[in-house]
Amino acid sequence: MASIFYSVMKMKRMYIALALAGVIAFAVLADAGMGGTNVKEIREKMGKLLRLKRHIREHIWNNALNQTREEGILEYVNGSYYINGIELYVGNEWFMNSIARSDYDGDGEYEYVWQELEGLVNTEVVINGILKGDVLYVSHINGIWYRIPKQAEIEEIEGILENINGSYYINGTELMIKRGFSKSDIDRDGSLERMTEELNGLLGEEIKVDGIMHDGKMVVIHINNIWAR
């Protein structure tokens, strides 16, 4: 009985670990026929799922550097960056004025993104990204991850923070917030709390939020100029 209980508990943990692959898992389990499937068969199917998930992840990463690839001199002309005559989209003003996640120019310092790029101007670089029309949306610089290769305009809204049926709103716009603990004391009460508790401390107050609009909702990046991801 104990071994059966252990097997069941182990399977539960496996299901939890595979939560992010829900769609694939559903297809695999449906193929197995859950009604008459025993624990051994589920393990075999889950093993296949893990291998499939690993294969998909490896395929995505292995091909990340096999998108549009340009090698040449990085140029800066009239406020835009170019390589081999192709204009590069390197991010909006907010992104360019954020601290870079890597030392792209190799000077030993973590600088603003624009400073990192400035340090690469007139040098030989390898740029990877997605080519849309005449613009190359940059994903990697010299094999170092740069940003998600899509154009995302940062928007800002300001107004009274409300909680409606468990969701947070400003001026009728629903806020999509990070779950879990906040890295900062956003409501300034002297405690680091879960993000929901930080926001509860701001209910009824006028706040400023910026982020990316998605399906009519805002994916929050900053609250009152404080990083909220």
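We did not get these values from a lab; they are worked out from the coordinates using the rules stated. Remember, predicted model here, so these are calculated numbers, not experimental data. With ideal geometry, Cβ positions are generated from the backbone for all residues, glycine too; neighbour counts draw on all protein chains shown.
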Which of Thr123, Thr196 has the fewest other C-beta atoms within 10 Å, and how do the rest follow up to the most? Thr123, Thr196
Convert each backbone phi in region 160-177 into a coupling constant with the Karplus relation 6.51 cos²θ - 1.76 cosθ + 1.60 (shift: θ = phi - 60°), then list the ³J(HN,Hα) values in order as whole Hz, x for Gly and Pro. 7, 7, 10, 10, 10, 6, x, 10, 9, 9, 9, 6, x, 9, 6, 9, 9, 10
Tyr81 long-range amide H proximity, modeled H, under 5 Å: Leu88
Here the gain from full extension of Glu93 to Glu162, 0.36 nm per residue of separation minus their alpha-carbon distance, amounts to 21.9 nm
Please work out the FRET efficiency for the pair Lys208 and Phe181, using the Cβ-Cβ distance as r and a Förster radius of 25 Å; give the result to the nearest 0.05. 0.70
Which aspartates and glutamates, on any chain, are close to Lys132 with Cα under 12 Å apart, when same-chain ones fewer than 8 places away are left out? Glu87
Computed from the beta carbon distance with a Förster radius of 22 Å, FRET efficiency for Val77 and Glu111 to the nearest 0.05 stands at 0.55
